[in-house]
Amino acid sequence: MLRLVFHTEFKVVLTGSMEPELHVGSLLVIMPAEYDDIAIGDDITFVRDEELNLVTHRVIAKDDENMTITTKGIANNIPDKPTIYENVLGKVRLSIPLIGYIGVWLSTPSGIIAVVTIAAVIVLGIILLKVFRKPSPEETEEGVQPEPEKADADEKIT
């Protein structure tokens, strides 16, 4: 939903090529950027190849004539081959360490089972609370019933 409204992408760092600045397991917030708004030193996410593999690396050069961008992973020794601007998803605007591990785990079978189980337990708990809960006087149709009057010990009932 956020992607549709704000054109924001969320990706997880899976490799150490951007260590120590973008740690493995970090959640990246990526927003679109015009070619002219991308500067040397920015971290961008782009489509690397025909298999549509995504990479997030730092911009080290731009070729304005051909609108290509050359990047390099901080921990890598050699730069990537230049990519055309059309392959750029956007600039990294925020990195939240470790949160990406949750997203990766939730996409595994055990993560999905855990989420479904937790949701089922919560729903079952709500149902059981409603079934076994004693209704308050305000919730009954008659409301609060007055206690029957007790006869005085001195009075005789005839």
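Some observations on this one:
- Enumeration of residues in the stretch 42-56 that are of a type in the set (A, V, I, L, M) and surrounded by fewer than 11 Cβ atoms within 10 Å (Cβ to Cβ): Leu52
- Consider the stretch 75-101 and keep the residues that are in contact with a Leu (Cβ under 8 Å, 6 or more places away or on another chain) and of a type in the set (Val, Ile, Thr). The one that is surrounded by the most Cβ atoms within 10 Å (Cβ to Cβ) is Val92.
- Index of the failed condition, Tyr85 passing every other in (1) assigned by TED's automatic domain parsing to the domain that holds His23; (2) under 17 Å from Val12 (Cβ atoms): (2)
- Pairs, first closer than 13 Å to Phe46 by Cα in the stretch 67-93, second among the polar types (S, T, N, Q) and not in a loop (DSSP other than H, G, I, E, B), C-beta under 6 Å, six or more apart: Ile69/Thr83; Asp80/Thr71; Pro82/Thr68; Pro82/Thr70; Ile84/Thr68; Leu89/Thr45
- Checked against (1) without any contact (Cβ under 8 Å) to a residue 60 or more places away in the chain; (2) surrounded by 13 or more Cβ atoms within 10 Å (Cβ to Cβ); (3) closer than 21 Å to Asn77 by Cβ, Leu22 meets all criteria but (1).
- For the stretch 38-66, the set of residues classified as in contact (Cβ under 8 Å) with a residue 24 or more places away in the chain, closer than 16 Å to Glu9 by Cα and in a loop (DSSP other than H, G, I, E, B) is empty.
- Complete set of residues in the stretch 4-37 that are more than 17 Å from the chain's Cα centre (by Cα) and assigned to a helix (DSSP H, G or I): Tyr35, Asp36, Asp37
- Looking only at residues of the stretch 107-117 that are modelled with pLDDT of 85 or more and surrounded by 10 or more Cβ atoms within 10 Å (Cβ to Cβ), we find that the one that is farthest from the chain's Cα centre (by Cα) is Thr117.
The values are calculated or read from the model by the stated rules, or taken from the named source; none is laboratory data. The structure presented is a predicted model; accordingly, all values stated were derived computationally and were not measured. Ideal geometry is used to build each Cβ from the backbone, glycine not excepted, and the neighbour counts take in all protein chains shown.
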